[in-house]
Amino acid sequence: MADGENAAGRWSLLGATALVTGGTKGIGHGIVEELARLGAAVHTCSRNEADLNKCLQKWEAEGFKVTGSICDVSSPDEREKLMEKVRSTFDGRLDILVCNAGTGILKPATLQTPEDYRYVMSINLDSAFHLSQLAYPHLKASGRASIVFISSVVGFMAVDYLSVYGASKGALNQLTRSLACEWAGDNIRTNCVAPGTIRTPLTEQGLQNDDFVTKETHRIPLGRVGEPEEVAALVGFLCLPASRYINGQVICADGGRTVNGNI
């Protein structure tokens, strides 16, 4: 334990500032609430103004310190505007960056168009790299900052019809390792969480199919799909002072799916 640091401080984000992209639904929504419960002031973004306003009203009623803005993270210009908003909101200091926004297009590889490829890469990979670049001076000013990327188990293993999505997440895993080494000297840790099958709006249709659920849960040692808050808890831990020696790791939150050879 560092000098002057007590146990409560190790497990608190009181006074910290955070940006979470795509925070109005699914895993991102869970991450915003987890960080806010731990004491952080959080800024999030969404492409949908109605969704954002609804969430902000809910969070205000619950006493969370959450602000938000409209942003399509596939756009470089909008990413720059988002970071400028964060800079002004938090007076130039940012302690936590969580790049959560992501998407996938379910198609055979032969049918993936150049537009499909560019769109998935722009959201899943380009936005994470660009936002990290933009956030760098503010994270450095923190003196003890944390970046967490949200990847996927599809970055480790093949899943039918998700070749481009898997490629983007595999690249995100490697970006984690690279920034972890390059920016450690600036007291910026970089880690990544790779969820398995989680109950979110993006997986809702598949989880209504009994055959899909049966096949998927058969591959998961815990025997069930995950919930957003179970991923959010791991993200929260990686942002806490208690995790200050964890750097450059890609951690699967998948109920054991990626280590199960009995398929």
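Determine whether segment 128-144 contains at least one residue that is closer than 22 Å to PRO228 by Cβ and assigned to a helix (DSSP H, G or I). Yes, some residue in segment 128-144 is closer than 22 Å to PRO228 by Cβ and assigned to a helix (DSSP H, G or I). Among the residues of segment 42-56, those that are open to solvent by less than 20 Å² (accessible area, probe 1.4 Å) and not in a strand (DSSP E or B) comprise LEU52, CYS55.
The C-beta contact set for segment 248-263 (first residue over 22 Å from LEU238 (Cα atoms), second residue among the β-branched types (Val, Ile, Thr) and open to solvent by less than 30 Å² (accessible area, probe 1.4 Å), distance under 8 angstrom, 6+ apart or interchain) comprises ASN260/ILE220.
Here's the yes/no breakdown for (1) more than 13 Å from the chain's Cα centre (by Cα); (2) over 13 Å from ALA18 (Cα atoms):
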| position | (1), (2) |
| --- | --- |
| ILE123 | no, yes |
| SER127 | no, yes |
| LEU134 | yes, yes |
| ARG144 | yes, no |
| VAL148 | no, no |
| GLY155 | yes, yes |
| LEU162 | yes, yes |
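If a residue must be of a type in the set (Ser, Thr, Tyr) and either over 18 Å from the mean Cα position of the chain (by Cα) or under 19 Å from SER88 (Cα atoms) (or both), how many such residues does segment 24-59 contain? Total meeting the criteria: 2.
If the condition is being of a type in the set (D, E, K, R), closer than 18 Å to LEU131 by Cα and touching a Lys or Arg at 6+ places or on another chain (Cβ under 9 Å), then segment 34-77 contributes only ASP72. Restricted to segment 84-99, and to residues there that are without any contact (Cβ under 8 Å) to a residue 60 or more places away in the chain and assigned to a loop (DSSP other than H, G, I, E, B), the residue that is farthest from the chain's Cα centre (by Cα) is ASP91.
Exactly one residue out of GLY23, GLY102, GLY39, GLY63 is modelled with pLDDT of 95 or more, assigned to a loop (DSSP other than H, G, I, E, B) and touching a Phe, Trp or Tyr at 6+ places or on another chain (Cβ under 9 Å): that is GLY102. Residue count for segment 200-228 under the criterion of being at pLDDT 95 or above and either in contact with a Leu (Cβ under 7 Å, 6 or more places away or on another chain) or polar (S, T, N, Q) (or both): the result is 1.
Restricting to segment 76-102, name every residue that is of a type in the set (Lys, Arg) and either closer than 22 Å to GLY236 by Cβ or open to solvent by less than 20 Å² (accessible area, probe 1.4 Å) (or both). Of everything in segment 76-102, those that are of a type in the set (Lys, Arg) and either closer than 22 Å to GLY236 by Cβ or open to solvent by less than 20 Å² (accessible area, probe 1.4 Å) (or both) turn out to be ARG79, ARG93. Looking at LYS81, LYS107, just one residue is modelled with pLDDT of 95 or more, part of a helix (DSSP H, G or I) and farther than 18 Å from PRO228 by Cα, and that residue is LYS81.
Taking segment 197-210, which residues are under 21 Å from LEU234 (Cα atoms) and either in contact with a Ser or Thr (Cβ under 7 Å, 6 or more places away or on another chain) or surrounded by fewer than 22 Cβ atoms within 10 Å (Cβ to Cβ) (or both)?
THR197, ARG199, THR200, PRO201, LEU202, THR203, listed by residue number.
Quick check on my filter: what residues within segment 24-38 are open to solvent by 20 Å² or more (accessible area, probe 1.4 Å) and either among the small types (Gly, Ala, Ser) or under 10 Å from VAL235 (Cβ atoms) (or both)? Across segment 24-38, the qualifying residues are ILE27, GLU34. Against the test of being among the aromatic types (Phe, Trp, Tyr), surrounded by 18 or more Cβ atoms within 10 Å (Cβ to Cβ), in contact (Cβ under 8 Å) with a residue 24 or more places away in the chain and more than 25 Å from ALA233 (Cβ to Cβ), the options TYR161, TYR165, TYR136, TYR117 yield a single qualifying residue, TYR136. In segment 216-238, the residues that are farther than 20 Å from ASP160 by Cα and without any contact (Cβ under 8 Å) to a residue 60 or more places away in the chain form Cβ pairs under 6 Å with partners that are open to solvent by 10 Å² or more (accessible area, probe 1.4 Å) and assigned to a helix (DSSP H, G or I), at six or more places apart or across chains, as follows: GLY223/THR217; ARG224/THR217.
The values are calculated or read from the model by the stated rules, or taken from the named source; none is laboratory data. The model shown is predicted, which means the values in this text are computed figures rather than measured ones. Positions of Cβ are backbone-derived with ideal geometry, glycine not excepted, and every protein chain shown enters the neighbour counts. What goes into the accessible areas is simple: the full protein's heavy atoms, side chains included, and nothing from ligands, DNA or RNA. Shrake-Rupley method; radii C 1.70, N 1.55, O 1.52, S 1.80 Å.
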